[in-house]
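Participant: Got a structure for you, written out below as structure tokens; questions coming shortly.
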Amino acid sequence: MRRALEFLKTFEAYILEGRLLQSSDFQKALRYLAREDEEDDAVPTSRADQLDASEEARKALEAMETVDPALYDLRRLHQEVQHDVEVLTEIWHSVRGIGHQEDAKLARLKDLLRGDLAGQKVLLFTYYKDTARYLYRYLGHPEEPEAVRFREELGGAVIRRMDSGADPKERLRLVQGFSPKANEKAEWAGTDKEIDVLISTDVLSEGHNLQDCGYLVNYDLHWNPTRMVQRAGRIDRIGSGFETLWIYNMFPDEGLERLLRLVESLNAKITGIDRAGFHDASILGEAVHPRNFNTLRRIRDEDGAVIEEEEQLLELAGSETLAQQLRAFLEAGGRERLEELPDGIHSGLARGGARGLFFYFRAGEGMAAQHFWRYADLREDRILDNRQVIATYIACQKETQRVVDPLLWSRVFELQERVIEDILRSVREQASLEIAPRMVDPVQQSVAAAVQGYLNHPDVSRSRAVAALRFLREPMVGVAVKELKAAFLLFRKKPDVDKLLGAIEALRERNGGALAPEAEQPEKPRPLTREQLRLICFDLVTGG
């Protein structure tokens, strides 16, 4: 709130001078205002004070291009800024007295370090530099009485922090002190140079060996699941002496989650990663789709073909690579050729170790169009929808020879029907899962994420799991939420998806749906029909 006030005060100063700048340039300059002193809680009260605080930013602004103020109503703009300053000042006075003593999250972290993690080496990640310094102040700062007492409770534990303010030499020393054995400083182990708890921002999330540690705490959840995996990768490394690595995630308060929907957003992104086939480790405690262990199993069995396949996936990992290939083709004059191609065209090629048909269907037009890639794999008798995997089968060069196998051609219509049915089924299932209420309890989201992980598990009835997911995506009354939470706690202690599904089904039956009557339900989307599917092209892939 203090920084928001600083921003508006500086903005007001420029308006009073009759100057306006491009928004992007102004934002860059105001980064100079990002003070790092958490003890400075004074409200900027005067224009003179604000100008002193932003002197460095003003120097940068002088070199930036200004906007013609005649194009804007500066008087009205100034009035709006003044209104915002008044509102933020009122909020600031309401929250400025809240201290760390009222911080339930900090208290929970302390309990964790005193309890389950007592005596362990712990890596503690947070997203913001301010948060890292705040935690260090009350956990490890040598001149903060409360931190001194806390370290004594931990038996004199050495606690340090790392953020972007540390120079490269200091970062290296902190890494060596926290993980001396993995960083060729084994002689530091057991001395006052060794660090027991390291508080860090994501500057430490890549490129460091910290496998001396077996316990990681995410004090906050990064919005990007990949970054969460990178954090875990600091301790999940070859050479670790731990049979089990522990990841603790501190979830937002339930009320805050209803506002931010951070966990809900993360679960949706994790589900997307799982659908793409790249989900090989739990991120938020969810179960991993069993298909993602197939590659690991093949490596264990010394299947040499898996290396080539993974290299192809790396080359094609992500739609950006496909977009780049298309862009290069268009820039080389290929747009006219593409537009002239009729729907339903086909081709074929030889691909070692593969045999099947690729189909591309589209439904709708323009930005609202839906695109469906499917590959009928005849070697394993299954339908694939992973675009990265499909791309490895159909990718070819300009000089690639066209090969059409007559036996494969004879099965085109049969396989096309199977593919259409697969598309319609998947769209129906996805639609049923996405018909979600506008407000559900975070516990429901967590349970849904757990069930989602077992959706395609061979030992779990898919229809049963889908029915549970539909139920979990409806808003529930308070008593039902409490029962669900109790069942989920038991599941987390001893994962048994059959018991969890049974508890959900019993809850649904016992409470007659357990839906919150006041909940506003979203409109159901119109189902996709086979008449809406248009075959764009297909490709015959012959094993050679």
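What follows is calculated from the coordinates using simple rules that are stated; it is not laboratory data. Everything numeric here is computed off the predicted structure, so don't read it as measured data. Using ideal geometry, Cβ is built from the backbone for each residue, glycine included, and neighbour counts are taken over all protein chains shown.
Participant: Could you tell me the calculated FRET efficiency between VAL203 and ASP381, based on Cβ-Cβ distance and R0 = 30 angstrom, to the nearest 0.05?
Facilitator: Numbers: r = 49 Å, r/R0 = 1.62.
Efficiency, rounded to the nearest 0.05: 0.05.
Participant: If packing is taken as the mean number of other Cβ atoms within 10 Å per residue, what is the order of 459-469, 80-90, 2-12, highest first? Intermediate values should be presented prior to the final figure.
Facilitator: Working: 459-469: 16.2, 80-90: 13.8, 2-12: 18.8.
Ranked from most to least packed, the peptides come out as 2-12, 459-469, 80-90.
Participant: Go ahead and collect, in residue order, the members of the range 465-493 whose backbone nitrogen is under 13 Å from a label point 7 Å along the Cα-Cβ direction of GLU254.
Facilitator: Answer for the range 465-493: 476-489.
Participant: What is the range 101-250's relative contact order, in percent, from Cα pairs under 8 angstrom and six or more apart in sequence? Provide the component values of the computation, followed by the final result.
Facilitator: On the way: 249 pairs, mean separation 40.0, N = 150.
After rounding, I find 27 percent.
Participant: What residues qualify as long-range amide H neighbours of VAL403, i.e. H under 5 Å apart, gap of 5 or more or another chain, H built at 1.01 Å from N?
Facilitator: Hits under the 5 Å cutoff: GLY348, LEU349, ALA350.
Participant: Using a Förster distance of 45 angstrom, determine the FRET efficiency expected from the C-beta separation of ARG534 and HIS457, and round it to 0.05.
Facilitator: On the way: r = 34 Å, r/R0 = 0.76.
That pair, ARG534 with HIS457, gives E of 0.85.
Participant: If R₀ is 22 angstrom, what is the calculated FRET efficiency for the pair ALA104 and GLU170, using the beta carbon separation as r and rounding to 0.05? All intermediate terms of the calculation are to be shown ahead of the outcome.
Facilitator: On the way: r = 32 Å, r/R0 = 1.46.
Efficiency, rounded to the nearest 0.05: 0.10.
Participant: With a 10 Å radius around each residue's Cβ, average the other Cβ atoms per peptide and rank 383-391, 411-419, 196-204, highest first. Walk me through the numbers on the way to the answer.
Facilitator: On the way: 383-391: 18.3, 411-419: 15.3, 196-204: 22.3.
Listed from highest to lowest mean packing, they are 196-204, 383-391, 411-419.
Participant: Please order THR529, THR131, THR244, THR392 by the number of other Cβ within 10 Å, starting at the fewest. Could the numbers behind the result be given before it?
Facilitator: Numbers: THR529 10, THR131 16, THR244 6, THR392 19.
By the 10 Å Cβ count, ascending, the order reads THR244, THR529, THR131, THR392.
Participant: Output the pairs from LYS129/LYS493; LYS121/LYS169; LYS110/LYS493; LYS105/LYS129; LYS121/LYS482 with a Cα-Cα distance over 26 Å in this structure; if there are none, say none. Kindly include the intermediate steps, with their values, before the conclusion.
Facilitator: Details: LYS129/LYS493 33 Å; LYS121/LYS169 22 Å; LYS110/LYS493 22 Å; LYS105/LYS129 17 Å; LYS121/LYS482 35 Å.
Pairs exceeding the cut-off: LYS129/LYS493; LYS121/LYS482.
Participant: Work the Kirkwood hydrodynamic radius out for the range 101-250: mean of 1/r over every pair of different alpha-carbon atoms, inverted, in Å.
Facilitator: Details: mean 1/r = 0.0650 Å⁻¹.
This gives a value of 15.4 Å.
Participant: Starting from the Cα gyration tensor of the range 141-226, take the square roots of the eigenvalues, sort them a ≥ b ≥ c, and report rounded, prolate or oblate (rounded when a/c is under 1.5, otherwise prolate if a/b is larger than b/c, else oblate).
Facilitator: Numbers: a/c = 1.60, a/b = 1.14, b/c = 1.41.
Oblate is the answer for the range 141-226, as a/c is 1.5 or above yet b/c matches or exceeds a/b.
Participant: Let me ask something else about it. Looking at the range 110-218, which GluC sites (Glu not before Pro) are in a loop (DSSP not H, G, I, E or B) and have at most 10 other Cβ atoms within 10 Å?
Facilitator: Working: sites: GLU143, GLU146, GLU152, GLU153, GLU170, GLU184, GLU187, GLU194, GLU206; in loops: GLU143, GLU184, GLU194, GLU206.
Qualifying residues, ordered by number: GLU143, GLU184.
Participant: Now for a different question. Starting from the Cα of LYS493, step 7 Å along the direction of its Cβ; do the same at SER265; then give the gap between the two resulting points in nm.
Facilitator: Each label point lies 7 Å from its Cα, and together they span 3.4 nm.
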